[in-house]
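Asks: Mind having a look at this structure? Questions to follow.
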Amino acid sequence: MPTKRTASKISPRTVVLVTLAVGLGLPGALFAAILLLSPLTKPAVIDALVGRVLGVDPATWPWTGLAEGVAVGILAFILVNFGAIVSGMTVWWEMRVSSRMQSRVGYNRAGAAGFFQWIADAVKLLFKEDLIPADADQILFRSAPYFVMAGFALAFVVLPFGESLIAADLNVGVFYLIAVTALVVVGILLAGWSSNSKWALFGGMRSAAQVISYEIPAGVAVMVPILMSGTLSMQGIVRAQGAWPWQWNVFTNPASTVAFAIFFISQLAEGNRTPFDLPEAESELVAGYLSEYSGFRFALYFLVEFGNLWVMAAVATTLFLGGWQVPFVGPEAYAAARGAELIPGAAWWGLEALSMVVMVLKTLVVLNLIVWVRWTLPRIRIDQMMNLCWKYLVPWAFASFLFTLLWQLAVAGTPALATVSGIALTAATALLLVLFLRQTRANLVAMGDRVDLTNW
Amino acid sequence: MEKLILRRVDQNNEEMILNFGPQHPSTHGVINFIVQTDGEVITRAVPDVGYLHRSLEKIGESTGWHGYMPYTDRIDYVAAMFPNEGYATAVERLTGIEVPRRAQYLRAISGELCRIASHLISVGTMAMDIGAFTPMLHGVRERETINDLIEALCGARLTYNYHRIGGVAFDLPEGWRDRTLAFLDHFDRFLVEFDRLITFNEIYIRRLANVAVIPGPMAVDYGLVGPNLRGSGVDWDVRRDLPYGAYSDFEFSIPVGQGMFGTVGDSFDRYFCRVREMGESSKIVRQALEKLPDGEIMAPKVQRNLKVEAGEALSRVESARGEMAFYVVADGTNKAYRIRARTGSFTAMGIIEPLSRGLMVADLVALIASLDVVAPEIDR
């Protein structure tokens, strides 16, 4: 068979080792780069470095701006690459999870467990003809993917990775995030319109209706953690939460739990994920707004779609799930380890790495939840999608917003309230989790199945 | 040449004419729908059939009586046992050949397994059309076991060619009975799991309940058959009401649409009829395996070059897609004068146009899926 893997030449052991090396090394290197660069590329640090290393006054040195720009450029480059690579790995993870859910083998050709499949797919798409339909609006058709890509990449500016690990801790962080992610819908709408295909137009219009509608409940739901923290800054919101589950925004206020649910659903809708994948509903609209795209432009859309999972999960983690807060490590510990040095010592870097690990783990859990949802639920219809948004999510979002106003007043009077709510809701969630596991086990027993992990 | 069918839709207003097919993921084969839509709402959907026409009825006039059997597989390749059985039964009625009891049981067993396989595809693709991919693959996984069983029985996994005029081609292989019973034990549990996975999913129910309601009289008027008819509350099943083969020996119930979550005759009823029919088929196979009599599997002395006296015969069998009728006319030679197959999918296409007004595009997909049309069966 010509397609047979070259397993005869490369031993399986080597394949596994290479896969592990790349699978752990690539994200590891990226995380390390983010860990190192994001505190060091701040203008203040660059200025100080310029002053110290070159012995010139950064205020008068003509190239200060350039040096700061280059530093930020390097960080931006790393972040965009992180987005792209995390997107590819999400594809792999999603395909592996879905194939397990569906009794399939799934990716297993390129590399151990098919880990390199996303690279192979991207390379294949790069080599494919970049076809533009004759009647398409050339300029809009070509530019649409960049809007989508821009909306995706710009979100990374305010995504926190750790205590000091953020490209720019804007004081309007959440507002900025909502604004730039809305760019994605511009790209999708352009794609749908410029393709000059009825299916694509359908998909584009559905997407516009959906994303714009769901920004309202998402926006109002986001107001809840903002109110609770008193800041729009992403880092500020995380700092206002504690490390333990009963100190997270999602639990310290009953309305916030509702807001989290609304936010999660709205994020699924904005990311065009099942059960809200109407814009590209394969069984209805062939491929929706993607119908006429091929080659690398198509790849860009997919990069954004899967990369958005990380953004969605990271934002949900930041706003509601305690972000990067590490148990037993308070702000004073960071401050103590930071010291007054320009380049902080190893203890501080260790703490930063620890906070990064916490953040990444939480994000991955949420991301996995989104993947599960996708492969479990059917798609809802467009009128049901609108009904859900305007009749249920928007009123509930406003209700939880109002409740939070009162709740904050009450908490200001008796701070114990937040703790009580936190502990009660954490216990309730833990109970739900136990029930979920028990039900899963009962279902497995009823089918006579067993948990089988051998095919990983 | 301008398509004649386009004349049937009004092209002079603001509404959009959408070519839904022939190559579309949810048309289940090569069917075209000319869809007139006002935004998401369909004002009219006109089915345009004939893309898969292979002159199967005409071929029957030149192949000889035995030679036509493999062609009948292609009439409905998702459930190929039933055209086999329908054609064989028709010719047996015409010639007066008595089928041995064991062969009749084997026909029932293979047919019911095939019905399960076909319904698994149907409910699976329905879930896929609604947007859930996982149930489809779970269904295909179970169907794979049935394919293995039928392969062990007759050597083919899709186009079985198992029936013969006067009996069936092969007897049960060794150990087949135990394998089948083991599979059925597993399958009954699978049905429960399947219901939990998709049937009673809230989104799924809301997508199907009250969508494309076909009232009972309308279903009869349009000649719907099988689960489509029973989904509308009409209690009619050829296996029970006009028993053929071994079916009079078995106890089984006929699931009828009850409007569980909406109106009687909505898409969910048609879907749920199929799900419950799989359970009934499983019961029939169990009973048949238990009662399976010994004996021959072929009628003695069926001529190899069969010459049939002039005459005509009609057979009606309950296919997975409903009542399938074979009408054969003989003129005394060794070839048929005319063979006509009446299939459920073809009549089901007729009801799509009157039902489509006011549906959403997504509902049209659900409607097509719930009618379980299979393109080769429409066009033959």
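Asks: Those residues that are over 17 Å from A:ALA346 (Cα atoms), free of Cβ contacts under 8 Å to residues at least 60 places away in the same chain and surrounded by fewer than 23 Cβ atoms within 10 Å (Cβ to Cβ), I need them from the stretch A:312-335; list them, please.
Replies: Scanning the stretch A:312-335 gives A:ALA316, A:GLY330.
Asks: Further question: Going through the stretch B:164-192 one residue at a time, which ones are within 14 Å of another protein chain (Cβ to nearest Cβ) and open to solvent by 40 Å² or more (accessible area, probe 1.4 Å)?
Replies: B:ALA182, B:ASP185, B:HIS186, B:ASP188, B:ARG189, B:VAL192 - these are the residues of the stretch B:164-192 that are within 14 Å of another protein chain (Cβ to nearest Cβ) and open to solvent by 40 Å² or more (accessible area, probe 1.4 Å).
Asks: I've got another one for you. What do you reckon, is A:VAL394 modelled with pLDDT of 90 or more, open to solvent by less than 40 Å² (accessible area, probe 1.4 Å), more than 14 Å from chain B (Cβ to nearest Cβ) and assigned to a helix (DSSP H, G or I)?
Replies: Yes: the conditions hold for A:VAL394.
Asks: Considering the stretch B:23-32 alone, what residues qualify as being open to solvent by less than 30 Å² (accessible area, probe 1.4 Å) and away from every other protein chain (no Cβ under 12 Å)?
Replies: Correct list: B:ILE31, B:ASN32.
Asks: Same structure again: Are any residues in the stretch B:199-227 in a loop (DSSP other than H, G, I, E, B) and either within 20 Å of B:ALA348 (Cβ to Cβ) or small (Gly, Ala, Ser) (or both), and if so, which ones?
Replies: B:ALA209, B:ASN210, B:VAL211, B:ALA212, B:VAL213, B:ILE214, B:PRO215, B:TYR222, B:GLY223, B:LEU224, B:VAL225, B:GLY226
Asks: Take the stretch B:146-178 and flag every residue that is in a helix (DSSP H, G or I), without any contact (Cβ under 8 Å) to a residue 40 or more places away in the chain and out of contact with any Gly (no Cβ under 9 Å at 6 or more places or on another chain).
Replies: If the condition is that a residue be in a helix (DSSP H, G or I), without any contact (Cβ under 8 Å) to a residue 40 or more places away in the chain and out of contact with any Gly (no Cβ under 9 Å at 6 or more places or on another chain), then B:ILE146, B:ASN147, B:ASP148, B:LEU149, B:GLU151, B:TRP176, B:ASP178 are the ones that fit.
Asks: Could you say which residue among A:LEU432, A:LEU405 is aliphatic (A, V, I, L, M) and assigned by TED's automatic domain parsing to the domain that holds A:LEU268?
Replies: From the options A:LEU432, A:LEU405, the qualifying one is A:LEU405.
Asks: Something else about it: Given the stretch B:311-380, what helices (runs of 4 or more DSSP H) lie entirely inside it while holding 2 or more residues that are open to solvent by 10 Å² or more (accessible area, probe 1.4 Å)?
Replies: Hits in the stretch B:311-380: B:344-350, B:352-356.
Asks: Is it the case that A:VAL357 is at pLDDT 85 or above, in a helix (DSSP H, G or I), out of contact with any strand residue (DSSP E or B) (no Cβ under 6 Å at 6 or more places or on another chain) and closer than 25 Å to A:PRO275 by Cα?
Replies: no
Asks: Give B:THR263, B:THR347 a once-over and let me know the one that is among the polar types (S, T, N, Q) and within 16 Å of the chain's Cα centre (by Cα).
Replies: B:THR347
Asks: If you don't mind, another one. Among the residues of the stretch B:149-167, is any closer than 24 Å to B:ARG189 by Cβ and of a type in the set (Gly, Ala, Ser)?
Replies: Yes, the conditions are met somewhere in the stretch B:149-167.
Asks: Looking only at residues in the stretch A:91-116 that are free of Cβ contacts under 8 Å to residues at least 40 places away in the same chain and hydroxyl-bearing (Ser, Thr, Tyr), which one is farthest from the other protein chains (Cβ to nearest Cβ)?
Replies: A:TYR107
Asks: Out of B:PRO135, B:PRO83, report the one residue that is under 30 Å from A:ASN272 (Cα atoms), open to solvent by less than 40 Å² (accessible area, probe 1.4 Å) and not in a loop (DSSP other than H, G, I, E, B).
Replies: After ruling out the rest, the residue left standing is B:PRO135.
Asks: Need a quick list: helices (runs of 4 or more DSSP H) entirely within the stretch A:115-185 having at least 2 residues that are under 15 Å from the mean Cα position of the chain (by Cα).
Replies: A:138-155, A:173-181
Asks: Looking at B:VAL99 and the list (1) among the aliphatic types (A, V, I, L, M); (2) open to solvent by 40 Å² or more (accessible area, probe 1.4 Å); (3) farther than 30 Å from A:ASN196 by Cβ, which single condition is not satisfied?
Replies: (2)
Asks: Which condition breaks for A:VAL371 when tested against (1) of a type outside the set (Lys, Arg); (2) free of Cβ contacts under 8 Å to residues at least 24 places away in the same chain; (3) within 14 Å of chain B (Cβ to nearest Cβ)?
Replies: Condition (2) is where A:VAL371 drops out.
Asks: Is there any pair linking a residue in the stretch B:129-143 that is at the interface with chain A (Cβ under 9 Å from one of its Cβ atoms) and farther than 14 Å from A:GLN102 by Cβ to one that is part of a helix (DSSP H, G or I) and hydrophobic (A, V, I, L, M, F, W, C), with Cβ under 7 Å and at least six apart or on different chains, and which?
Replies: B:ASP129/B:VAL365; B:ASP129/B:ALA366; B:ASP129/B:ALA369; B:ILE130/B:ALA366
Asks: Still on this structure, I have one more. For the stretch A:8-58, enumerate the residues that are in contact with a Leu (Cβ under 6 Å, 6 or more places away or on another chain) and in a loop (DSSP other than H, G, I, E, B).
Replies: Correct list: A:THR41 only.
Asks: A further question follows. Criterion first (more than 22 Å from A:MET205 (Cα to Cα) and at pLDDT below 80) does B:GLN23 satisfy it?
Replies: yes
Asks: Check A:ALA255, A:ALA208, A:ALA261 and return the single one that is among the small types (Gly, Ala, Ser), part of a helix (DSSP H, G or I), open to solvent by less than 30 Å² (accessible area, probe 1.4 Å) and closer than 30 Å to A:PHE328 by Cα.
Replies: Answer to the selection: A:ALA255.
Asks: Could you grab me the full set of residues in the stretch A:186-205 that are assigned to a helix (DSSP H, G or I) and open to solvent by 10 Å² or more (accessible area, probe 1.4 Å)?
Replies: A:VAL186, A:LEU189, A:LEU190, A:TRP193, A:LYS198, A:TRP199, A:LEU201, A:PHE202, A:MET205
Asks: Moving on to the next point. Checking the condition closer than 16 Å to A:ILE380 by Cβ and of a type in the set (A, V, I, L, M), which residue from A:LEU309, A:LEU319, A:LEU268, A:LEU303 passes?
Replies: Result: A:LEU268 is the single residue among A:LEU309, A:LEU319, A:LEU268, A:LEU303 that is closer than 16 Å to A:ILE380 by Cβ and of a type in the set (A, V, I, L, M).
The values are calculated or read from the model by the stated rules, or taken from the named source; none is laboratory data. Values in this document were obtained by computation on a predicted structure and should not be read as measured data. For neighbour counting, all protein chains shown are included, and Cβ atoms are generated from backbone atoms with ideal geometry for every residue, glycine included. Note: areas computed on protein heavy atoms with side chains; ligands, DNA, RNA excluded. Shrake-Rupley method; radii C 1.70, N 1.55, O 1.52, S 1.80 Å.
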